[in-house]
1. Report, by residue number, each residue of segment 4-48 that is more than 14 Å from Gln61 (Cα to Cα), part of a strand (DSSP E or B) and either of a type in the set (Lys, Arg) or open to solvent by less than 10 Å² (accessible area, probe 1.4 Å) (or both).
2. Specify the residue that is modelled with the highest pLDDT; the eligible residues are those in segment 91-105 that are open to solvent by 20 Å² or more (accessible area, probe 1.4 Å) and within 22 Å of Gly182 (Cβ to Cβ).
3. Could you run through segment 153-197 and say how many residues are part of a loop (DSSP other than H, G, I, E, B) and without any contact (Cβ under 8 Å) to a residue 40 or more places away in the chain?
4. Only residues that are outside any strand (DSSP E or B), open to solvent by less than 80 Å² (accessible area, probe 1.4 Å) and without any contact (Cβ under 8 Å) to a residue 60 or more places away in the chain: list them for segment 64-83, please.
5. State yes or no: is Ser88 at pLDDT 95 or above and either polar (S, T, N, Q) or over 22 Å from Ile149 (Cβ atoms) (or both)?
6. Could you list, in sequence order, all residues of segment 53-79 that are of a type in the set (A, V, I, L, M, F, W, C), at pLDDT 90 or above and out of contact with any strand residue (DSSP E or B) (no Cβ under 7 Å at 6 or more places or on another chain)?
7. Quick check on segment 160-210: of everything there that is among the β-branched types (Val, Ile, Thr) and at pLDDT 95 or above, which residue is most open to solvent (accessible area, probe 1.4 Å)?
8. In segment 49-63, is there at least one residue being within 23 Å of Gly85 (Cα to Cα), aliphatic (A, V, I, L, M) and not in a loop (DSSP other than H, G, I, E, B)?
Amino acid sequence: MTTLSIARSELILGGQKSGKSRRAEALAQSWLKQSDQHHALLIATAQAGDDEMRQRIARHQADRAQRVPGMCTVEESFKLAEAIGAHSRPDTLIVVDCLTLWLTNCLMPIDASTVTEDSRQSDVTEKFIINRPLARVHQAHVAILLEAIAGAPGPLVLVGNEIGLGVIPMGREVRAFVDALGLLNQSVAQVCQRVTLMAAGLPLSLKAVP
């Protein structure tokens, strides 16, 4: 495996199956290979709201355990800034996967009472859309995250989706989410040392280490 240079902080953007997580894992592998004293930690932001998502999470966990066996996992769907602050150390590379799901959790939280083992799992999606409209996320919420990124003592790799390249969505809520995610990506890119766009598994440097 080619050794990759590690930035103090790197934002990795891209579409679905563009290679975002693979690059983040490759960076973690390179970090672990640099020293026996190095550690790697994944902060996973996904929530298992239905059977398909549970299966997807389990598949990702199994694949990641094979590709980066030395990386531990912490699940944190909401308090991302606090998790970064609690776990970041000079000898530990943290991967956040991903910012898009974190923002989704903040803006459109799943009502835990609707997520059961009942056979009517199809009802969860409907209740998610109808009963939990977009909530306002105060700018201070994002500002706290940006402070945590800028102040992290160890290397930080953040994964996020670029979903603003297609047609303008029809729904008001979806348009609002696309706008919110675009603004979040811009803000995180400003505080990160390196920004990489992934397409077809290939990295394109948008912002290089000075």
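1. Ser9, Glu10, Leu11, Ile12, Gly14, Ala40
2. We begin by selecting, within segment 91-105, every residue open to solvent by 20 Å² or more (accessible area, probe 1.4 Å); these are 91, 97, 101, 104.
Filter once more, keeping what is within 22 Å of Gly182 (Cβ to Cβ): 97, 101, 104.
Details: Asp97: 96, Leu101: 93, Thr104: 89.
Looking at residues that are open to solvent by 20 Å² or more (accessible area, probe 1.4 Å) and within 22 Å of Gly182 (Cβ to Cβ), I get Asp97.
3. Here is the first cut: in segment 153-197, the ones part of a loop (DSSP other than H, G, I, E, B) are 153-155, 162-171, 192-193.
Narrowing the set further to residues that are without any contact (Cβ under 8 Å) to a residue 40 or more places away in the chain leaves 164, 166-171.
So the answer is 7.
4. Going residue by residue through segment 64-83, those that are outside any strand (DSSP E or B) are 64-70, 76-83.
Pick out the ones that are also open to solvent by less than 80 Å² (accessible area, probe 1.4 Å) and you get 64-65, 67-68, 70, 76-77, 80-81, 83.
Residues satisfying the conditions are Arg64, Ala65, Arg67, Val68, Gly70, Glu76, Ser77, Ala83.
5. Details: at pLDDT 95 or above: yes; either polar (S, T, N, Q) or over 22 Å from Ile149 (Cβ atoms) (or both): yes.
Yes.
6. Of everything in segment 53-79, just one residue is of a type in the set (A, V, I, L, M, F, W, C), at pLDDT 90 or above and out of contact with any strand residue (DSSP E or B) (no Cβ under 7 Å at 6 or more places or on another chain), namely Phe78.
7. Start the filter on segment 160-210 by keeping residues that are among the β-branched types (Val, Ile, Thr), which leaves 163, 167-168, 174, 178, 188, 191, 195-196, 209.
Subset that is at pLDDT 95 or above: 188, 191, 195-196.
Details: Val188: 0, Val191: 41, Val195: 7, Thr196: 6 Å².
Within segment 160-210, the match that is most open to solvent (accessible area, probe 1.4 Å) is Val191.
8. Quick first cut of segment 49-63, residues within 23 Å of Gly85 (Cα to Cα) only: none.
No, segment 49-63 contains no residue that is within 23 Å of Gly85 (Cα to Cα), aliphatic (A, V, I, L, M) and not in a loop (DSSP other than H, G, I, E, B).
The values are calculated or read from the model by the stated rules, or taken from the named source; none is laboratory data. If you're wondering where the values come from, they're calculated on a predicted model, not measured in any experiment. Positions of Cβ are generated from backbone atoms using ideal geometry, with glycine treated the same way; all protein chains shown enter the neighbour counts. Ligands, DNA and RNA are excluded from the accessible area calculation, which covers all protein heavy atoms including side chains. Shrake-Rupley method; radii C 1.70, N 1.55, O 1.52, S 1.80 Å.
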